[in-house]
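So the structure is just underneath, and the comments pick up after that.
The values are calculated or read from the model by the stated rules, or taken from the named source; none is laboratory data. Just so you know, these numbers come straight off a predicted model, no measurement behind them. Virtual Cβ from ideal backbone geometry, glycine too; neighbours counted across all protein chains shown.
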Amino acid sequence: MSEKGTLATLLRIFPYAKSALPRIALGMVAAIAAHLFALSIPQFLRDLVNSLKDNGTAETLVPAVLMVLLLGLLEGVSVLLRRWLVLTPGTFVEAGLRAKIYAKLQDLPVSFHDKWPSGQLLSRATGDLSLIRRWLSFGLVLFVANGLTIIVGLGILFTFHWILGLIFFVCSVPIWIKGFQFERNYHSVARLSQDQAGDLATSVEESVHGIRVLKAFGRGDHIAGKFAAEADTLRGTEIKKAGLIAGIWIYLILAPEFAVGLSLLAGVWLVSTEQLTVGGLVAFLATTTALRWPTESIGFLLSMTLDAKTAIQRFFEVLDTPVDIADPENPKTITEPHGRLEFKDVHFRYSDAPADQPDLLNGVDLVLEPGESVALIGITGCGKTSLTALTTRLYDVTGGQVLLDGVDVRDLSREELRTHISMAFEDATLFSASVRDNVLLGRPDASEADLKQALEIAQAHFVYDLPEGLNTKIGEEGMSLSGGQRQRLALARAVAARPAILVLDDPLSALDVDTEALVEEALRSVLTTTTALIVAHRPSTVQLADRVALMQDGRITAVGKHSELLATNDHYRYVISSLDAAGEMIS
Amino acid sequence: MTMQGTSGEDRIELNKDESRVVKLRARKLLFSLIRPIRRRLIVSFTLVILSQAFRVVGPALIAYGIDTALPQAIRSELTPLYLVVGGYLFAALATTSLIYSFLKFSARTNQNVMFDLRQRLFVHSQRLSLEFHETYTSGRVIARQTSDLDAIKELLDTGGNEMIAGIFFMTFTGAALLALDPGSFGILLFSFIPLWFLTRWFQKNTKLRYRQTRVASARLIVKFVETMTGIRAVKAFRKEKDNESEYAGYTEDYRSVNAKVIQIFGIYDPGLTMIGTVTVAFILLFGGFRVIDGSLGIGILTAAILYARRFFDPMEGLAMFYNAYQSASSALEKISGVLEEEESVPEPEHPTKLSNATGHLSFDDVEFHYSNGKTVLPGFNLDIPAGQTIALVGTTGAGKSTLAKLVSRLYDPSAGRLTLDGIDLRNLSNLQLRRAIVMVTQEAYLFSGSVAENIALGKPDATMDEIEAAAKAVGVHEFILSMPDGYNTDVNKRGGRVSAGQRQLISFARAFIADPAVLILDEATASLDIPSERLVQQGLKTLLKGRTSIIIAHRLSTVSIADRVLVMEHGQIIEDDAPAALIAGTGKFARMHAAWRASLV
Ligand SMILES: Nc1ncnc2c1ncn2[C@@H]1O[C@H](COP(=O)(O)OP(=O)(O)OP(=O)(O)O)[C@@H](O)[C@H]1O
Ligand SMILES: Nc1ncnc2c1ncn2[C@@H]1O[C@H](COP(=O)(O)OP(=O)(O)OP(=O)(O)O)[C@@H](O)[C@H]1O
Ligand SMILES: [Mg+2]
Ligand SMILES: [Mg+2]
């Protein structure tokens, strides 16, 4: 991504903050008003002091004090108004952005999720967004208001006496120079720190998801050491960041103080030569006090703005990613799916495959007639799972077509396509919800009878023995179930969706021989009417299918009945058989 | 209901006792974080005190300038003026350089605290048992370690400096005012009454809400993490819309409570400023009268006004600190809850030494149930002599993995004991236990990072040669070389870059390289094709020599390399004998084996 300037980057967020902009603008007005009230107080102070000096009376004192009080209260009310105006809309913008990035992430294809570390996504949806909100409703408003105030204030200082004004102006020059340097240096460190925070979140997430492995190998300390190293890097970055902020702070504090010191010198001289009244000098000094906070605030407002800039950048890195696998503009529909699935000269390669390697799927041709079930056989890593992913467009073909009832799957909306085709993955991917919700994931409106039937087919009777039966929450990723139980729930889930086509990736691998036989028996009733593509490694699973397709070197090299292939195809025998010609185990 | 550890974490309203317990725990944690940095804090304080002291000198010098130096300057006596201005500039320089050092110094201190807390939380969650993680969910652990830590970072980043500087600034300003003009100081003191009321109001109205934000934000994260982890299923089963509306609900919960908090602060903060304004007006009025009757110099009044105004300057910062503090202490409540959780599988304090484990395992009246209470393994005895290869088979859900998890001490038996070479597993140090016993879990989990790193997890100091040897032994070396960067190829999160079978092979290589006395393989070949499985079995024959091993498999081909077969059903071992004897018999295993054998071609 090309580096955009700070302003251009910041501006990108505005379309998303449209609804809040009027109130933000009003908030700026309120902020400016507050500052102006604050700045005008010294004007009255001047008259007050002058009148006191010339033997003033209570009659002059009281109204002037009241004026000062009134202005002070107005300042307070303006601040109140500013906050009331900008804060709530800011939270709406944040919520809107959060919904947006979540929706976008769900929309982005699996290939995106494979590549992006999970913590980087999470940190974008949490920390970054709150940075953006704070900037919009606080940083931006004050940055503009305080900047203007400083300029106006500088102008007012000139009205006391041009020499005094000039002193302040000259003293502020280093601030501007430093400010520009800061902008350049800080940005890269801010980015680094946000990225490193994301990396840390990734490590945390993996350390929890992989906790079983870490414990089984006793690698808790090892991973903690790695984590510590990462946390230490972040610590270094944060310290560097703080150093940069401190670096600009000194100028922001020192410059005005120096100016005050010098103008005290000049002021006293001016008063002694009667070019300025004592009241004028007091008011001048009071004005500089009123300008102190806006000036000092520029430091953190600048860093906040730059933090927001990187946050916005990071946000748009996700939002700008094109959704490669999107719905067509005019999706076709299949009103009555028959369930004919055809792979027509399908080519597929992962984007990171070396150029000299042939396509992973290198011209797959295969037809599944309606109601037919086909077993897909091939050695580990030959591309079976990748082929199944093409059917529901978890990935898109890089050449050729996948057709459902003659319609290219890319011409259907994803929603519809995934209603017609339902999958059971090699790993169960369950959610920490009730058994019921998990099984009915693909068809939430299914009846109780359908649910029971699906569980019956998958031989998942064990669910009735769970503490709360179908309403038992099954724990994160179903980890409170046994491997075979998880797999059967995933199978039940696919079946319960009542699709025209079932795609089952090695669906019985975690089942014992007896249960496997039972599931197969029950599944057969479904498979008579439903088209099915079943990835299999074992002859027992192959029994489920009407025909077998053999995958080799990215192609379907043979299709036929199990017995035929066994008799005629060497590679098929190599993949599937454990017995030698004499019927003995090959070892 | 108790608030022990993480229980009751989502509750907002707590009764007095609970609230006290939780607060105490949070405060304890805070103190324990501060203890190691107390020396640094003293330095910080010194820097701040000095810097603020210099800062406060300013208005006094101005007062002196106007009241003394000015009249003298009019009489062309310029020395006092030069002194005043010189003093002012010096004070300014001193202030800034002190503040600069303070900022740099305290940034390091703050980051050390963050580092310390991050580390503690990470190490502790790693130490907590599976039982905890199963119910607590990863999303919450992540929330605790991200958004809650952010709340604390916020406190340290802005709040810490502001508060220390602010309090000292106010103290010094107050003192200076007292010295300069006690009358004005009296008025200043009066302002504390409304300040106190306003602060009470703020406190009352935010207390529960901060707790709510923590809970709401954790919920957001949990949902987010679960969606992204299960993205394939989300897509395949068209869950996007439902998820979006559910997530929108959580977002709105978080937004509304957050908005409420911000709004309350939005009243509190200007409220403070206004109290300041009124105070200044009174000082002005009172001082003005005294100037009129000649009892007060105009310069003093100017300084008093400047002081009084400045006195309230840090109020905003203090309010922000208080705000951040409230938010951080809610976060600390949650974090301290996690830290309070005890390991249900603790490491012994005085471990028994085990030199060169032979691998003799023995179950003595072991009984086990998961935390939901149902007994999974009713009491049983089992002795596995050193060096024996066991095939553990049985119906799904029978309890095979559970038994394996007991051996690798992911859980402790609910009753009875499990010994390795006669030593209760509970008496072994983690280091020795893990060196002696290693399990390849049913779920082949790979971490993002290179293939080499993933294999080396079994032996962190492994050389590249050893890693390659392990990969070769399980037959995955060629495949690894075919990947774009060979052994350095990133396997992506959860090993998404490689196929299921390849994932199993890599996990297998990981166990291979660990070289333990007891090896447990839980369905380690379930996703492999037959040729690869055969290859692995060949490798196993050499690997298992001289080791105790428990091999769980539904594909009974493993039986051929086993010395002994255990058949499990409903948590009980119903058959236990040499494979040949069992196959020849008429029991369950004989039937299973026959059925399996018949399925082969
Ligand atoms: N996301 C990915 N990016 C790049 N390469 C990948 C990705 N996923 C898989 N591969 C590679 O593509 C090949 C095919 O993988 P796939 O998962 O389709 O195999 P499979 O036939 O299902 O194997 P298995 O029987 O082990 O499940 C493998 O060599 C794998 O390493
Ligand atoms: N973490 C857990 N919390 C609660 N119950 C659990 C947990 N893990 C497993 N169970 C239950 O304990 C029983 C035994 O599970 P276990 O995983 O040991 O079975 P298994 O024999 O390995 O089965 P499989 O062959 O399917 O892997 C099952 O009924 C399961 O639901
Ligand atoms: Mg696969
Ligand atoms: Mg198991």
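Please work out if B:Ser414 is within 16 Å of ligand 2 (Cβ to nearest atom), within 21 Å of B:Ala526 (Cβ to Cβ) and not assigned by TED's automatic domain parsing to the domain that holds B:Glu131.
Numbers: within 16 Å of ligand 2 (Cβ to nearest atom): yes; within 21 Å of B:Ala526 (Cβ to Cβ): no; not assigned by TED's automatic domain parsing to the domain that holds B:Glu131: yes.
Answer is no for this residue.
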Spot the failing condition for A:Pro444; the list is (1) closer than 30 Å to B:Val222 by Cα; (2) touching a residue at least 12 places away in the same chain (Cβ under 8 Å), and only one is missed.
(2)
When you scan the range A:67-89, how many residues do you find that are facing chain B (nearest Cβ under 8 Å) and not acidic (Asp, Glu)?
12
Only one residue in B:Val451, B:Val440 is hydrophobic (A, V, I, L, M, F, W, C) and modelled with pLDDT of 95 or more, so which one is that?
B:Val451
Those residues of the range A:350-396 which are within 14 Å of ligand 1 (Cβ to nearest atom), within 12 Å of chain B (Cβ to nearest Cβ) and charged (D, E, K, R) amount to A:Asp352, A:Lys384
Considering only residues that are at pLDDT 80 or above and of a type in the set (Asp, Glu), look in the range B:144-173 and name the one that is surrounded by the most Cβ atoms within 10 Å (Cβ to Cβ).
B:Asp148
Could you give every pair whose Cβ atoms fall below 7 Å, whose first residue belongs to the range B:16-42 and is free of Cβ contacts under 8 Å to residues at least 12 places away in the same chain, and whose second residue is surrounded by 14 or more Cβ atoms within 10 Å (Cβ to Cβ), counting only separations of at least 6 or pairs across chains?
none
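Can you tell me which residue within the range B:189-245, out of those that are among the aliphatic types (A, V, I, L, M) and more than 10 Å from chain A (Cβ to nearest Cβ), is nearest to B:Ala308 (Cα to Cα)? Working first, answer last.
So in the range B:189-245, the residues among the aliphatic types (A, V, I, L, M) come out as B:189, B:193, B:195, B:198, B:208, B:215-216, B:218, B:220-222, B:225, B:228, B:231, B:233-234, B:236.
In the following step, the residues that additionally are more than 10 Å from chain A (Cβ to nearest Cβ) were identified as B:189, B:193, B:195, B:198, B:208, B:215-216, B:218.
Working: B:Leu189: 11, B:Ile193: 16, B:Leu195: 15, B:Leu198: 19, B:Leu208: 34, B:Val215: 41, B:Ala216: 41, B:Ala218: 43 Å.
This residue is B:Leu189.
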Restricting attention to the range A:15-62, the residues that are more than 30 Å from B:Gly287 (Cβ to Cβ) and either among the basic types (Lys, Arg) or without any contact (Cβ under 8 Å) to a residue 24 or more places away in the chain (or both) number exactly 7
Please specify each residue of the range A:348-394 satisfying the condition of being closer than 22 Å to B:Ile231 by Cα, assigned to a loop (DSSP other than H, G, I, E, B) and in contact with a strand residue (DSSP E or B) (Cβ under 6 Å, 6 or more places away or on another chain).
A:Gly383, A:Thr392
For the range A:411-441, which positions are assigned to a strand (DSSP E or B), of a type outside the set (Gly, Ala, Ser) and more than 16 Å from ligand 3 (Cβ to nearest atom)?
A:Leu412, A:Ile421
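Would you mind finding the one in B:Thr548, B:Thr586, B:Thr542 that is more than 19 Å from A:Leu508 (Cα to Cα), among the hydroxyl-bearing types (Ser, Thr, Tyr), under 38 Å from the mean Cα position of the chain (by Cα) and in the same structural domain as B:Val376 (by TED's automatic domain parsing)? Break it down stepwise before answering.
On the way: B:Thr586 fails: under 38 Å from the mean Cα position of the chain (by Cα); B:Thr542 fails: under 38 Å from the mean Cα position of the chain (by Cα).
Going through B:Thr548, B:Thr586, B:Thr542 in turn, the sole match is B:Thr548.
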Listed by range, helices (runs of 4 or more DSSP H) wholly within the range A:103-214 having at least 2 residues that are out of contact with any strand residue (DSSP E or B) (no Cβ under 9 Å at 6 or more places or on another chain) and assigned by TED's automatic domain parsing to the domain that holds A:Thr391 are none
Check on A:Val397, assigned by TED's automatic domain parsing to the domain that holds A:Pro539 and not in a loop (DSSP other than H, G, I, E, B)
no
Can you give me the number of residues within the range B:457-504 that are free of Cβ contacts under 8 Å to residues at least 24 places away in the same chain and either of a type in the set (Asp, Glu) or within 16 Å of ligand 4 (Cβ to nearest atom) (or both)?
4
Which condition does A:Leu466 not pass, out of (1) buried (at least 23 other Cβ atoms within 10 Å of the Cβ); (2) over 21 Å from A:Leu523 (Cα atoms); (3) hydrophobic (A, V, I, L, M, F, W, C); (4) at the interface with chain B (Cβ under 9 Å from one of its Cβ atoms), if it passes all the others?
(1)
Of the residues in the range B:526-576, those that are touching a Gly at 6+ places or on another chain (Cβ under 9 Å), within 16 Å of ligand 2 (Cβ to nearest atom) and under 22 Å from A:Gly378 (Cβ atoms) number 3
Of all residues in the range B:346-364 being surrounded by 17 or more Cβ atoms within 10 Å (Cβ to Cβ) and modelled with pLDDT under 90, which is farthest from B:Leu128 (Cα to Cα)?
B:Ala357
Report yes if some residue within the range B:516-534 is away from ligand 3 (no atom under 16 Å from the Cβ), closer than 28 Å to A:Pro358 by Cα and assigned by TED's automatic domain parsing to the domain that holds B:Ala404; otherwise report no.
yes
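From the list A:Gly267, A:Gly247, pick out the single residue that is at the interface with chain B (Cβ under 10 Å from one of its Cβ atoms), surrounded by fewer than 20 Cβ atoms within 10 Å (Cβ to Cβ), touching a residue at least 24 places away in the same chain (Cβ under 8 Å) and not charged (D, E, K, R). Walk me through it before giving the result.
Values: A:Gly267 fails: surrounded by fewer than 20 Cβ atoms within 10 Å (Cβ to Cβ).
It is A:Gly247.
Collect the residues in the range B:482-496 that are among the hydroxyl-bearing types (Ser, Thr, Tyr), part of a helix (DSSP H, G or I) and at the interface with chain A (Cβ under 9 Å from one of its Cβ atoms), keeping them in residue-number order.
If the condition is that a residue be among the hydroxyl-bearing types (Ser, Thr, Tyr), part of a helix (DSSP H, G or I) and at the interface with chain A (Cβ under 9 Å from one of its Cβ atoms), then B:Ser482 is the only one that fits.
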